[in-house]
Amino acid sequence: MAYRHLGSRREPQPLKSPLGFSRQRTPARVNEHYCNRLKVTETVRERTVFFVKILVTGGAGYIGGTVAGLLAEKGHDPVIFDNFRHGRRNLLPPGIPVVEGELGDGPLLRQVFVSAADQKQPFHAVLHFAALIEAGESMLHPEAFFRNNTACTLTLLEAMHEVGPSRLVFSSTAAVYGEPVSVPIEEEARLLPTNAYGESKLLVEQMLAWLNRIHGLRYASLRYFNVAGAPEGPAGITRGEAHEPETHLIPLVLDVALGRRNSIRIYGQDYPTPDGTCIRDYIHVSDLAAAHLLALEALDAPAEVSPRLIYNLGNGQGFSVLEVIESARRVTGHPIPAELHPRRPGDPAVLVASSGRAMKELGWKPRYTQLDDILRTAWIWHRKRYGT
């Protein structure tokens, strides 16, 4: 394994990263090398290389890729780890090294960590996004979720404990709560998942708590809700939500607006909610990415403290399926026909977060609080994606 920063240094200009590490500017170039049988590709476009090295598992995905891009922008040196089973190569953030491999490949993970340390550029932390995420599918194939989400995460944690960093930001889920007793949901609420997806994530949280207690693993578990929208930057909107197959409500609704689907399906209209459809707390992907960086900084508490941080991340207000459809009609100007179908097993009626703790302790504040604003960015991306 041969990780190395790209190019020779010229005219060093020490700066300070958010975590207090120095960084310097390097010229652009392209590099390819091999780790065992896996090719590692590094493509750099006049970027900054930093000494704060972060492994981003699942970094070719929608959320992981957005966070990896923000890490590089804000002064970190991310490395993406992904098997590309669900990630998209054409949406990789530019200028970030990529390792293609399986999260369950313990020897490969150890080699990634050891190689970085041997080159005096050890990983500072891991941001862990790699997971199967479809709650409905988890009720059909629970074994796949426990293997991929739980067992493979244990492999990652074992490698971290043996030869890697002792800081982890974990992409958890509001599904750990199941049907909430009260809304908005507080972090201390009962944990009783109603689907295998939520259970697979809760098992990881339990592992993290024990590793924190016994080995001093410093971790933040971020429980978030429905993520949507597309990040806006100096170059406009260049990436967004793109699953294959697509199962998330907002891109499916926008598919109807583009004429790619005849109608949007509503699963259940007999829930105990004002309009009978499920209510969810939608959070913009850029707000979510910002929270990950704040959680990462929070793990750099004084050495005598071993942080165990758990935060809900959400908009703070819920929107029903019908409200999402109405918002999409306003934003796109299209009628968007809908059709009713029976409930899906394992779908809670209402999931709305209380994000007060994250706001108070991390200083986090979401910028996209209106559903129409979230849909607006998603609509721009969706049209770009399909060239309309």
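Between Glu339 and Glu179, the C-beta separation translates, for a Förster distance of 25 Å, into a calculated FRET efficiency of about 0.45.
For the chain, hydrophobic long helices are taken as DSSP H runs at least 24 Å long by C-alpha position along their axis with mean Kyte-Doolittle hydropathy of -0.5 or more; these are 196-215.
Normalised by residue number, the volume inside the convex hull of the Cα atoms of region 275-388 is 140 Å³ per residue. For region 159-198, backbone nitrogen atoms closer than 16 Å to the point 7 Å from Ala144 Cα along Cα-to-C-beta are found at 196-198. Electrostatic bookkeeping for Asn83 treats Lys and Arg as +1 and Asp and Glu as -1; over the other residues with beta carbon under 11 Å from its beta carbon, the sum is -3.
How much of the DSSP bridge set in the chain is antiparallel, in percent, rounded to the nearest 5? Looking only at bridges with both residues in the chain, the antiparallel portion is about 30 percent.
Each Lys or Arg adds one and each Asp or Glu takes one away; over the other residues whose Cβ falls under 11 Å from the Cβ of Leu296, this sums to +1. According to the Cα-based calculation, Rg over Rh for region 86-144 is 1.06, with Rh computed by the Kirkwood formula. Approximating the spin labels as points 7 Å out from Cα along Cα→Cβ, the Phe84-to-Arg329 distance works out to 4.2 nm. Can you compute log10 of I(q)/I(0) for region 184-256 with the Debye formula, treating each Cα as one identical point scatterer, at q = 0.12, 0.14, 0.15, 0.24 Å⁻¹? The Debye formula, applied to the Cα set alone, gives -0.58, -0.73, -0.80, -1.13.
Computed with every protein chain present, the accessible area of Met139 is close to 80 Å² [probe 1.4 Å].
Looking at region 319-388, the chymotrypsin sites (Phe, Trp or Tyr not before Pro) that sit in a DSSP loop and have at most 13 other Cβ atoms within 10 Å of their own Cβ are Tyr386.
The orientation-averaged shadow of the Cα convex hull for region 101-230, equal to a quarter of the hull surface, comes to 9.2 nm². In a DSSP loop and with at most 14 other Cβ atoms within 10 Å, the GluC sites (Glu not before Pro) in region 226-319 are Glu304.
Where the centroid of each part is defined by its Cα atoms, how far is region 100-134 from region 347-388 in Å? Here the answer is 29 Å between Cα centres. Measuring nothing but how far apart in sequence close Cα pairs (under 8 Å, 6+ apart) lie, relative to its length, the chain scores a relative contact order of 15 percent.
Over all distinct alpha-carbon pairs, what is the Kirkwood Rh of the chain in angstrom? Roughly 21.5 Å, rounded to one decimal. Convex hull volume per residue, computed on the Cα atoms of region 53-129, equals 78 Å³.
The values are calculated or read from the model by the stated rules, or taken from the named source; none is laboratory data. None of the values given here were measured: they were computed from a predicted structure. No Cβ is skipped: glycine too gets one built from the backbone with ideal geometry, and neighbour counts run over all protein chains shown. Side chains included, ligands, DNA and RNA excluded: accessible areas come from the protein's heavy atoms. Shrake-Rupley method; radii C 1.70, N 1.55, O 1.52, S 1.80 Å.
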